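Asker: Let me begin by handing over the structure; questions about it come next.
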């Protein structure tokens, strides 16, 4: 479970997250984190948040953001607001580490998703880019569809495919949530 000051580190991507304000602290209004990206990090899958707004402020280094069809590079002291339903991904394309203040409103269950994704990576259940396989994605996407959605394919197609794949994922021993990653 996330708590103020807890740090999680993805051993595959090298990204670390320190929780500053959790959903519990803010009664669900805000999840605030400080995240560190290693140089030349890998971007996450392009995604959007159907009901959440995100704010990124660069504290050190630079952050590259793909926002819809535009690529933006933020430098130290610069910020960006990403409204709900806006396709994006972010990473550190530079040769030095990047530290970013990251706020998500409302918090929903984002901290649990981040803890599970980090736990899967640290247990070797992801590819070299830090992404889980399709069966695991199906379960995570179904459970956390209020927090995030992949940009492609369409959400309707994702719902159909992931609903078909979810029973197979469960039969293969995968779960939508892992207590050992959120305790």
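A short reminder: the numbers here are calculations on the coordinates, not readings from a lab. All of these numbers come straight from a predicted model, not from anything done at the bench. So basically every Cβ, Gly included, is an ideal-geometry build from the backbone, and we count neighbours across all protein chains shown.
Asker: Between 15, 158, 136, find the one with the highest GNM mean-square fluctuation for the chain; connect C-alpha pairs within less than 10 Å.
Answerer: For the chain, modelled as a Gaussian network with Cα springs under 10 Å, the answer is 158.
Asker: Helix 134-143 versus the longest principal axis of the chain: what angle, 0 to 90°, nearest 10, using Cα atoms?
Answerer: Here the helix axis deviates by roughly 80 degrees.
Asker: For the chain, what are Rg and Dmax over the alpha carbons, in angstrom?
Answerer: In Å, with Rg to one decimal and Dmax whole: 15.7, 48.
Asker: Still on this structure, I have one more. Counting alpha carbon pairs within less than 8 Å and at least 6 residues apart, what relative contact order, in whole percent, applies to segment 24-120?
Answerer: Values: 213 pairs, mean separation 41.2, N = 97.
The value is 42 percent.
Asker: What's the exposure ranking of 1, 90, going from fewest to most Cβ atoms within 10 Å? Intermediate values should be presented prior to the final figure.
Answerer: Numbers: 1 14, 90 24.
Ordered by Cβ neighbours within 10 Å, fewest first: 1, 90.
Asker: What order do you get for 126, 100, 51 when you list them from fewest to most C-beta neighbours inside 10 Å? Present the calculation step by step, with values, prior to reporting the outcome.
Answerer: Working: 126 20, 100 23, 51 11.
Least to most surrounded, the residues fall as 51, 126, 100.
Asker: Name the shape class, rounded, prolate or oblate, that the alpha-carbon gyration tensor gives for segment 7-110, where a ≥ b ≥ c are the square roots of its eigenvalues, rounded holds for a/c under 1.5, and otherwise prolate holds if a/b is larger than b/c and oblate otherwise. The partial results should precede the final answer.
Answerer: Working: a/c = 1.67, a/b = 1.24, b/c = 1.35.
Taking the square roots of the gyration eigenvalues as a ≥ b ≥ c, segment 7-110 is oblate.
Asker: Roughly what would the spin-label model give for residue 73 and residue 151, points 7 Å off Cα along C-beta, in nm?
Answerer: For the pair residue 73/residue 151, the computed spacing is 1.9 nm.
Asker: Continuing with the same structure: Sort 152, 27, 103 by Cβ crowding within 10 Å, fewest neighbours at the top.
Answerer: On the way: 152 12, 27 9, 103 18.
Starting with the residue having the fewest Cβ neighbours, the order is 27, 152, 103.
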